[in-house]
Amino acid sequence: MFIHVLKSKIHRVKVTQAELNYVGSITIDEDLMDAADLIEGEKVQIVNNNNGERFETYVIKGERGSGVICLNGAAARKVQVGDILIIISYCMLEKEEAKALKPKLVFPDESNRILEEAIIK
């Protein structure tokens, strides 16, 4: 049996842009992507701490070191620049494999630079 489990999370990142006239997705600084073990095109869940919105989209690679967090397309209607988000990725594993998984947690500062990386113990 496969189950969905937390793979990684970027906790409390700030929205820097919202581009309605775009195909869709979330653009994330490549440094944050690497720290959270995200790849371009990967499905993520977005949780907006400011308004309670929860939605899914996919990742687009943003300029490394830029701090960019940009919601594109229809997702841009669910955020405001300055909103605080949690970006979550999941994976499917066999139940026994899932018990051994150590998710990556990334805690950025107010400029979306990596403050701390952690692994759930």
Based on what the data block shows, is Val59 closer than 17 Å to Ile114 by Cβ and touching a residue at least 12 places away in the same chain (Cβ under 8 Å)? yes
Out of (1) without any contact (Cβ under 8 Å) to a residue 24 or more places away in the chain; (2) farther than 22 Å from Ser111 by Cα, the one Glu40 does not meet is (2)
Only one of (1) surrounded by fewer than 16 Cβ atoms within 10 Å (Cβ to Cβ); (2) in contact (Cβ under 8 Å) with a residue 24 or more places away in the chain; (3) part of a loop (DSSP other than H, G, I, E, B); (4) not hydroxyl-bearing (Ser, Thr, Tyr) does not apply to Arg77, and that is (3)
Within the range 13-24, residues being over 11 Å from the mean Cα position of the chain (by Cα) and closer than 25 Å to Met92 by Cβ number 1
*asked:* Going residue by residue through the range 80-95, is there one that turns out to be more than 14 Å from Val15 (Cβ to Cβ), among the hydrophobic types (A, V, I, L, M, F, W, C) and in a loop (DSSP other than H, G, I, E, B)?
replied: no
When every residue in the range 22-37 that is of a type outside the set (A, V, I, L, M) and either at pLDDT below 95 or in a strand (DSSP E or B) (or both) is compared, the one nearest to Lys104 (Cα to Cα) is Asp29
**Request:** Determine whether the range 81-104 contains at least one residue that is over 15 Å from the mean Cα position of the chain (by Cα) and polar (S, T, N, Q).
**Result:** no
Asn49 fails exactly one of (1) modelled with pLDDT of 95 or more; (2) within 19 Å of Ser66 (Cα to Cα); (3) of a type outside the set (D, E, K, R), namely (2)
| Does Ala98 satisfy the condition of being crowded, with 17+ Cβ neighbours inside 10 Å, modelled with pLDDT of 95 or more, outside any loop (DSSP other than H, G, I, E, B) and of a type outside the set (Asp, Glu)? | no
Exactly one of His11, His4 is part of a strand (DSSP E or B) and loosely packed, with under 15 Cβ neighbours inside 10 Å, and that residue is His4
Restricted to the range 36-60 and to residues being under 24 Å from Glu94 (Cα atoms) and of a type in the set (A, V, I, L, M, F, W, C), the residue surrounded by the most Cβ atoms within 10 Å (Cβ to Cβ) is Ala36
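The values are calculated or read from the model by the stated rules, or taken from the named source; none is laboratory data. In this text, all values refer to a predicted model and were calculated from it rather than measured experimentally. Glycine also receives a Cβ, built like all others from the backbone with ideal geometry; neighbour counts cover every protein chain displayed.
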